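In what follows, a structure is listed as structure tokens, so that the remarks can point back to it.
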Protein chains: 2
Amino acid sequence: MSQPNTPIRIAINGYGNLGRAVELAVHNSPDMELVAIFTRRDPATLDTQFAPAVAIDEAEKYVDLVDVCVLCGGSATDLDEQTPEFTRLFNTVDSFDTHAKIPSHFATVDAVARETGHVSVISSGWDPGLFSLNRLMGESVLPAGKTYTFWGRGVSQGHSDAIRRIDGVAGAVQYTVPVEEAKNRVLAGETPELSTREKHRRECFVVAENGADLDRIRQEIVTMENYFSDYDTTVTFISADELSQNHAGMPHGGSVIRTGETSAGVTQVYSFDLVLDSNPEFTGAMITATARAVTRMVAAGQTGAYTVFDIPPAYYSPKSGEDLRAELL
Amino acid sequence: MSQPNTPIRIAINGYGNLGRAVELAVHNSPDMELVAIFTRRDPATLDTQFAPAVAIDEAEKYVDLVDVCVLCGGSATDLDEQTPEFTRLFNTVDSFDTHAKIPSHFATVDAVARETGHVSVISSGWDPGLFSLNRLMGESVLPAGKTYTFWGRGVSQGHSDAIRRIDGVAGAVQYTVPVEEAKNRVLAGETPELSTREKHRRECFVVAENGADLDRIRQEIVTMENYFSDYDTTVTFISADELSQNHAGMPHGGSVIRTGETSAGVTQVYSFDLVLDSNPEFTGAMITATARAVTRMVAAGQTGAYTVFDIPPAYYSPKSGEDLRAELL
């Protein structure tokens, strides 16, 4: 462990969008230093900015040089394996986001962390992460009420990928869009039952291959089960140039709203909202702050798997308790 | 301490608006029971709903019957004395909100709590409290940025009282109102420097005594230093009936907004918002959830003074860690 006033030593595993975002966030944190970026690829092919790329097989050599390893594997499947593996060697943070598999992932990582004396915080980021925190606080303070989560306007990689797999599609970006009327009803203190279709719309921007049947592509998209069939979906065909010029960003965001009554007719509306120019950069910033919290948990003698639900908020900040109370309370 | 599955035993000290709100919140929490409501007044004169009123001098007899005493003293002056006094006997929660005096209040309460082996969470509620949490999380995740707090639209008791002290005023309510243009600029990702006047307006509804000089009253209000002179203030004279019919509620709320960049030109906007029909009922609900957290801190072997910055969010909820991870993460 780092001593007070010595930098927190961070490693990153995986150098995709999220890995690059964490690299940036660590660089912007004066109390942290980036030691290494582990990769499955040939390290020589990685154009890292602030720390050397290191072959993943060498990670073991860094055990005494790293306080927390931030896991930026590209998919839930990666983290399924990587979080337990890396938690054998390091304290870790991940952003595991397959909601249904969180309990089993937690159990697996917890066993490894306890066995090896490490701390691992799983499923940090914004959802799961900050949104989860607000769902928890909202229902704890307003037990008689209803919680709503709206996502967007933002790019869904999973839905974009699903469109790209359709025959005749050369490129696609899908935006998840909250239905403003529904959101405004909830913000006004109503507690409606909302169907899937009433909460979100889906906007698809698609580049078709030359000569492809546009009506068939549109039809395949809007009827696709689990992805689009339960939503009002619009499909707009655009050129490859337009796709790369206007849809290359990864904006996202959303709202968690808890509407409740503290007594009959006394309505209280609690809401949390994110509007993000870059989903990966914000997720990277949150999991980097979580890495700081991990070092505080280690210093407090904790071991095992944890989530954002278990972390005293002060642990995310580089400031002392005295400064936090004087400046922010 | 209560055992798992036995109710958390709560006492309240002080039976004003906040005490009544906590009484309600405890009643609405199936994992809690209300044991007693301590009062400086003659207990026979209190019309309590869910627990007996007890003379404050008898509090000592309840030491073994109460897990947490929620302090609902009517002013910062009350809590200055009552929180240390009651923390000698009980684990406590207060909503101490004189920002400048928080560090010394914390130190006083911490010394008593450590000496007597109790936990005391000071300054819970929404501001300080949930707003503080969001100021902390916002700046921890987005270190390069700026935090704004807007209050209202809501009733300020302090400002209403200041108007009532003016000669010729029979009654008054003052609303603090955020300047929407300023708030919208911040929500759009700008980071303007805003003066006091640019952030909030003040709306005063005043009942004048018969024959009072309305222009003089208006002038005394808008020029009052520390309260109104730095704001755009409107004064509307109304009848006593109108005051009691339209201005008897205690609505409040506000927003904490953190606007930051994670890299050049990549703006991320984090915002938290409350719209409250009843300020005391919401504050009461939050400090009641905080009382639940206190029992978890006691069970974890902690002693001393704490704030919301120190509390793992799961502690506010009656749910188990497993249920929270499965349902809310």
**Meets criteria (in contact (Cβ under 8 Å) with a residue 24 or more places away in the chain, farther than 25 Å from A:SER140 by Cβ and not in a loop (DSSP other than H, G, I, E, B)) for B:ARG88** = yes
**Message:** Take the residues in the stretch A:1-15 that are at pLDDT 95 or above and open to solvent by 30 Å² or more (accessible area, probe 1.4 Å); name whichever of them is farthest from the other protein chains (Cβ to nearest Cβ).
**Reply:** A:ARG9
**Prompt:** Regarding A:ALA182, is this residue surrounded by 15 or more Cβ atoms within 10 Å (Cβ to Cβ), more than 29 Å from A:THR259 (Cβ to Cβ) and modelled with pLDDT of 95 or more?
**Reply:** no
**Request:** State yes or no: is A:LEU34 in contact (Cβ under 8 Å) with a residue 12 or more places away in the chain, under 22 Å from A:THR98 (Cβ atoms) and surrounded by 19 or more Cβ atoms within 10 Å (Cβ to Cβ)?
**Result:** no
**Request:** Filter the stretch A:135-151 down to residues that are open to solvent by 10 Å² or more (accessible area, probe 1.4 Å), under 18 Å from the mean Cα position of the chain (by Cα) and of a type outside the set (Val, Ile, Thr) and give me whichever is nearest to A:ASN184 (Cα to Cα).
**Result:** A:TRP151
**Prompt:** Within the stretch A:39-76, restricting attention to residues that are of a type in the set (A, V, I, L, M) and open to solvent by 80 Å² or more (accessible area, probe 1.4 Å), which residue is nearest to A:THR92 (Cα to Cα)?
**Reply:** A:LEU65
**Request:** Select from the stretch B:298-322 the residues that are in a helix (DSSP H, G or I) and more than 10 Å from chain A (Cβ to nearest Cβ) and list them in ascending order.
**Result:** B:VAL298, B:ALA299
**Asked** Within the stretch B:47-66, can one find any residue that is out of contact with any Asp or Glu (no Cβ under 8 Å at 6 or more places or on another chain), part of a helix (DSSP H, G or I) and either within 14 Å of another protein chain (Cβ to nearest Cβ) or closer than 21 Å to A:THR262 by Cα (or both)?
**Response** no
**Item:** So B:VAL269, is it under 30 Å from A:GLY249 (Cβ atoms) and in a strand (DSSP E or B)
**Value:** yes
**Asked** What number of residues in the stretch B:95-132 are assigned to a helix (DSSP H, G or I) and either open to solvent by less than 20 Å² (accessible area, probe 1.4 Å) or closer than 18 Å to B:ASP67 by Cβ (or both)?
**Response** 9
**Message:** Any residue that is of a type in the set (A, V, I, L, M, F, W, C), more than 10 Å from every other protein chain (Cβ to nearest Cβ) and over 30 Å from B:MET286 (Cβ atoms) - is there at least one of those in the stretch A:141-151?
**Reply:** no
**Message:** Every residue in the stretch A:306-323 that is surrounded by fewer than 20 Cβ atoms within 10 Å (Cβ to Cβ), within 18 Å of B:PRO143 (Cα to Cα) and not hydroxyl-bearing (Ser, Thr, Tyr), please.
**Reply:** A:PRO318, A:LYS319, A:GLY321, A:ASP323
**Asked** If we scan the stretch B:100-112, do we find a residue that is at pLDDT 95 or above, under 30 Å from B:LEU214 (Cα atoms) and β-branched (Val, Ile, Thr)?
**Response** no
**Prompt:** Taking the stretch B:237-289 as the region of interest, how many residues are hydroxyl-bearing (Ser, Thr, Tyr), more than 8 Å from every other protein chain (Cβ to nearest Cβ) and open to solvent by less than 50 Å² (accessible area, probe 1.4 Å)?
**Reply:** 4
**Request:** Check B:ALA326, B:ALA289, B:ALA314, B:ALA300 and return the single one that is modelled with pLDDT of 95 or more and within 20 Å of B:SER95 (Cβ to Cβ).
**Result:** B:ALA289
**Message:** Kindly evaluate A:VAL155 against the criterion of being away from every other protein chain (no Cβ under 14 Å), without any contact (Cβ under 8 Å) to a residue 60 or more places away in the chain and among the aliphatic types (A, V, I, L, M).
**Reply:** no
**Request:** Read through the list (1) under 17 Å from the mean Cα position of the chain (by Cα); (2) among the aromatic types (Phe, Trp, Tyr); (3) open to solvent by less than 40 Å² (accessible area, probe 1.4 Å); (4) more than 14 Å from chain A (Cβ to nearest Cβ), then give the number of the only condition that B:PHE205 fails.
**Result:** (1)
**Prompt:** What residue, of B:THR303, B:THR295, B:THR234, is closer than 20 Å to B:ILE12 by Cβ and either open to solvent by 40 Å² or more (accessible area, probe 1.4 Å) or of a type outside the set (Asp, Glu) (or both)?
**Reply:** B:THR295
**Fill in**
With criteria (1) touching a helix residue (DSSP H, G or I) at 6+ places or on another chain (Cβ under 8 Å); (2) outside any loop (DSSP other than H, G, I, E, B); (3) open to solvent by 30 Å² or more (accessible area, probe 1.4 Å), B:THR83 comes up short on (3)
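The values are calculated or read from the model by the stated rules, or taken from the named source; none is laboratory data. Predicted model only: the values in this text are computed from it and were never measured. Every residue, glycine as well, gets a Cβ built from its backbone with ideal geometry; the counts of neighbours run over all protein chains shown. Side chains included, ligands, DNA and RNA excluded: accessible areas come from the protein's heavy atoms. Shrake-Rupley method; radii C 1.70, N 1.55, O 1.52, S 1.80 Å.
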